Amino acid sequence: MLQTIAAPKDSVLPVDHPPVSFGRIGVLIVNLGTPDATDYWSMRRYLKEFLSDRRVIEVPRAIWWPVLNLIILSVRPGRKGRDYDTIWNKERNEGPLKTITRAQAEKLAEFVAGGSLGDPSRITVDWAMRYGNPSMASRIEALQKQGCERILLVPLYPQYAAATTATVCDKAFDALKKMRWQPILRVAPPWHDDATYIDALAQSIEQGLAKLDFEPEVILASYHGVPREYLDKGDPYHCHCMKTTRLLRDRLGMSADKLITTFQSRFGPAEWLRPYTDETIKGFPGKGVKRIAVVTPGFVADCLETIEEIGIENHDYFLEHGGEKFARIDCLNDSPGGMRVLEALVARELSGWV
């Protein structure tokens, strides 16, 4: 229950001491982010924030800064803005990642309101974006002002990477550094091998395949890529992705040739995690594979990388190289299975607080 106190008349505190709210717990789910609009300047602001993150791009500043500001931010905003236009939620005038993340937070709040975690009046659920809006700093401050003395931070990345989970933590602590009364922060760990997550993915794939008018010869589990150098430095992301696919393969009873791991969205000339999704898809028809489906287990919500990059760009690659049937299976999003995963995660990580 939210409690508010003010200084009594006989207190040593000034009588005009502001009321203090306390006694609540906040749950903040955080996804990658989305531009505010698809025009050049909106895209430029978003890309500059994203590509300026030292966790995302580890190239020395002296080299990266001129490339980013003089070349990439001159050309890329227009091209990416056109890509976003193809998937933009025109009704809400926002990217689908924002629409879905909001829905996930609202359904998580309904779960909390049902009393599954005890007194629902003690817990507030909110959402933010690591890049763009709503910003993490603004939502952490809002939770603190509502009396949340403790906050569970949930980076929406099943597989840990420094460029995703770690940068969410960095941004949260940047916000806390500016606060006099800091809420206590707990961070949910990655859930790449969680049984509820694996089961939800498996059910989603089974349901997706049942809707098709063909049987795929191969199913790709495509994850967002990172530079190979990050793996060499000790980042566990590659191992987390491989374990997710292995557990998913075991759960579905599929062979290593039927369900395979690939990595998408590479950027720049450096080597990234292999095999590459686009090259694999382009090469399938030449190997006699004419019917495929793609699932994206590393994304908890559909976004540019799943809807446009997989569903449009790689779909076209496959057909152009002789493929016949292509299907993209939706992310878990705010489906019942997807919400079971988030609910189980939050319930577990709030243990001891509720």
Notebook entry, point to check: Restricting attention to segment 317-331, does a residue exist that is in contact (Cβ under 8 Å) with a residue 24 or more places away in the chain and closer than 28 Å to V125 by Cα?
Noted result: yes
Notebook entry, point to check: Got at least one residue in segment 313-326 being within 21 Å of L32 (Cα to Cα) and touching a Ser or Thr at 6+ places or on another chain (Cβ under 7 Å)?
Noted result: no
Note to self: Residues that are outside any helix (DSSP H, G or I) and either free of Cβ contacts under 8 Å to residues at least 60 places away in the same chain or among the basic types (K, R) (or both): does segment 158-173 have at least one?
What the structure shows: no
Next item on the list: Restricting attention to segment 60-70, report how many residues are surrounded by 15 or more Cβ atoms within 10 Å (Cβ to Cβ) and either part of a loop (DSSP other than H, G, I, E, B) or in contact with a helix residue (DSSP H, G or I) (Cβ under 6 Å, 6 or more places away or on another chain) (or both).
Entry: 1
Notebook entry, point to check: In segment 26-45, is there at least one residue being surrounded by fewer than 18 Cβ atoms within 10 Å (Cβ to Cβ), in contact with a helix residue (DSSP H, G or I) (Cβ under 8 Å, 6 or more places away or on another chain) and either closer than 21 Å to G225 by Cα or outside the structural domain of M136 (by TED's automatic domain parsing) (or both)?
Noted result: no
Next item on the list: Write out, first by first residue and then by second, each pair whose Cβ atoms fall under 8 Å of each other, whose residues are 6+ apart or on separate chains, and whose first residue, in segment 262-277, is at positive phi while the second is in a loop (DSSP other than H, G, I, E, B) and surrounded by 17 or more Cβ atoms within 10 Å (Cβ to Cβ).
Entry: S265/G225
Note to self: Given (1) in contact with a strand residue (DSSP E or B) (Cβ under 8 Å, 6 or more places away or on another chain); (2) more than 21 Å from P158 (Cβ to Cβ); (3) part of a loop (DSSP other than H, G, I, E, B), identify the lone condition not met by V300.
What the structure shows: (2)
Check: Picking from F214, F267, F263, which residue would you name as being part of a loop (DSSP other than H, G, I, E, B), in contact with a strand residue (DSSP E or B) (Cβ under 7 Å, 6 or more places away or on another chain) and over 25 Å from L153 (Cβ atoms)?
Finding: F214
Margin query: Can you list residue pairs whose Cβ atoms sit under 7 Å apart, with the first residue in segment 93-119 being among the basic types (K, R) and the second being not in a helix (DSSP H, G or I)? Count only pairs 6 or more apart in sequence or on different chains.
Written below: K98/T34; R102/W127; K107/D334
Next item on the list: Just need a number here: residues in segment 344-354 that are of a type outside the set (G, A, S) and either touching a Gly at 6+ places or on another chain (Cβ under 8 Å) or closer than 18 Å to P297 by Cα (or both).
Entry: 2
Notebook entry, point to check: Are any of the residues in segment 237-254 crowded, with 16+ Cβ neighbours inside 10 Å and in a loop (DSSP other than H, G, I, E, B)?
Noted result: yes
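The values are calculated or read from the model by the stated rules, or taken from the named source; none is laboratory data. If you're wondering where the values come from, they're calculated on a predicted model, not measured in any experiment. Quick reminder, even Gly has a Cβ in these numbers, built from the backbone with ideal geometry, and neighbours come from all protein chains shown.
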